[in-house]
Amino acid sequence: MSQEAVVAVQANNVVATPTAPATTTTSTSTPASTATESTTTPAASAPAAQQQVTTPATPAAPQLIEYYGDSTVWGYRSDVGGQVAVPPTTTFAQSLTNPSAYTVRNEGVSGSTACELLNGTDGRHQPWSAQMAASTAKYVFLNHGINDQWKYDLNTYKGCLRSLAQTAKQYGKQMIFETPNPTRDNVGIMATAMKEVAVQENVPVVDQYKYLSDYLNGQSAYTICPDGLHPSEAVYAMKGKYAASVFSSLFIK
């Protein structure tokens, strides 16, 4: 803060000139010197305190989750055809603990198998090694088994799952297996085989087969899949929410 100027006034000094030795003496007085005002220059103002400006951190880009599988991932409409209005991957994305932090891409292909995905013959994807090399995903879901049971023996199926998991890891991806939903066929053996590979390869599992079997509690698979294979829209939503719950518990802290 600036100081007020202080004015100092010196006392007047009067100087008398001595009289000269003469017959007639004239006394002349030197005028009193003019009083001098001393002005103190105000002190310079203290510099204003520097403001610290913090630049907001740039939000991290959403992490990509790729969701591979068959028509039950794509969202085939049971008994009607076409795709449901809200595929399970959409419900999954909306149900994550922090939805804005992720982008979910539906990579499901109707009628496809794990071995076709591995070899690049599912009609949509290039061979798996090239697919993973080009992918920017951090997380990779895999749900295959329903179509595989009609085309391959268990050892072939397990071998393809193993190769898919190992290749994804080589390219820095976190692989996540998802077992198929219960169907009119004995897909439970495929779910068991997938979980065996998951243990061997240290891959987490979203066990939709167990989750929906527990929900059925002994009822027919047609209760949740009108055509015996593809879930109803309500059950697709259940699948998506359950997968999001498991994923969030594993990877979102």
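If only residues of segment 162-188 that are hydrophobic (A, V, I, L, M, F, W, C) and under 20 Å from SER71 (Cβ atoms) are counted, the one that is surrounded by the fewest Cβ atoms within 10 Å (Cβ to Cβ) is VAL187. Taken residue by residue, segment 137-156 has no member that is among the polar types (S, T, N, Q) and at pLDDT below 95. Close contacts from segment 64-77, counting a first residue that is free of Cβ contacts under 8 Å to residues at least 12 places away in the same chain and a second that is among the aliphatic types (A, V, I, L, M), with Cβ to Cβ under 6 Å and a gap of 6+ residues or different chains, come to none at all. Looking across segment 57-106, the residues that are in a strand (DSSP E or B), surrounded by 17 or more Cβ atoms within 10 Å (Cβ to Cβ) and out of contact with any helix residue (DSSP H, G or I) (no Cβ under 7 Å at 6 or more places or on another chain) come down to ILE65, GLU66, GLY69, TYR76.
The values are calculated or read from the model by the stated rules, or taken from the named source; none is laboratory data. Quick caveat, the model's predicted, so the values are computed rather than measured. Quick reminder, even Gly has a Cβ in these numbers, built from the backbone with ideal geometry, and neighbours come from all protein chains shown.
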